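We did not get these values from a lab; they are worked out from the coordinates using the rules stated. Because the structure is a prediction, the values reported are computed rather than measured.
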Amino acid sequence: MNEYQQKLLGHFMNPRNVGGIEKPDGYGRTQNPINGYLTDIYVRITNGCIEDIKFKTLGCVVTIASASALSVVVKGKTISEIVDSKNPFETLMESIKKEMGEVPKKNWHCLPTAVQALLTAFHDYYRKNKNEEGVKKIEKILADGKRYFEEELKKYEEK
């Protein structure tokens with residue numbers, strides 16, 4: 001087993017930040033349209049910073065590992081650091097890959113489930129705080145994720 005496989009399995013066997021947060025500042029749920037797996041993400045945000053993040057996932061090894069890896073990558077960062085990058089959706093996907101290692105090509109569609117759930121939690125946070133600019137920004141990024149899922153779904157339907 002190579003180092004990348006060990007990192008991925010490490011996040012699956014010992015996932016970080018599992019669970020929920022009572023009365024979260026933001027909550028997001030995403031169901032992957034390709035495999036039906038679910039990821040819930042809960043965030044506690046203080047002064048724009050992700051103070052705590054928890055997740056619950058019903059899915060495969062890669063779906064669980066990617067939610068764990070994402071939680072490690074974003075904890076302690078500000079929402080602005082995450083969403084103000086050039087391409088936030090792709091940046092988050094690459095961050096997961098870097099944290100958990102190489103992902104089998106056939107499972108690449110599992111990673112965006114956690115990303116979309118996190119972005120939905122940010123959307124919920126901005127909505128609760130009546131931050132219309134933030135809501136609109138997150139909606140644009142969520143649309144990128146939706147397009148990604150649609151492209152992946154086409155690949156599966158062509159097989």
Check: Rg/Rh for the chain: what does it come to with C-alpha atoms and Rh from Kirkwood?
Finding: 0.95
Next item on the list: Output the relative contact order of the chain, whole-number percent, from Cα pairs under 8 angstrom with separation of 6+ residues.
Entry: 28 percent
Margin query: For the pairs Lys77/Lys155; Lys105/Lys146; Lys97/Lys154; Lys98/Lys155, flag any whose C-alpha to C-alpha distance is greater than 27 Å.
Written below: Lys77/Lys155
Note to self: Quick one: 3J(HN,Hα) in Hz for the range 72-89, Karplus 6.51/-1.76/1.60 with θ = phi - 60°, rounded, Gly and Pro as x.
What the structure shows: 5, 5, 9, 4, x, 8, 8, 4, 4, 4, 7, 8, 9, 6, 4, 9, x, 4
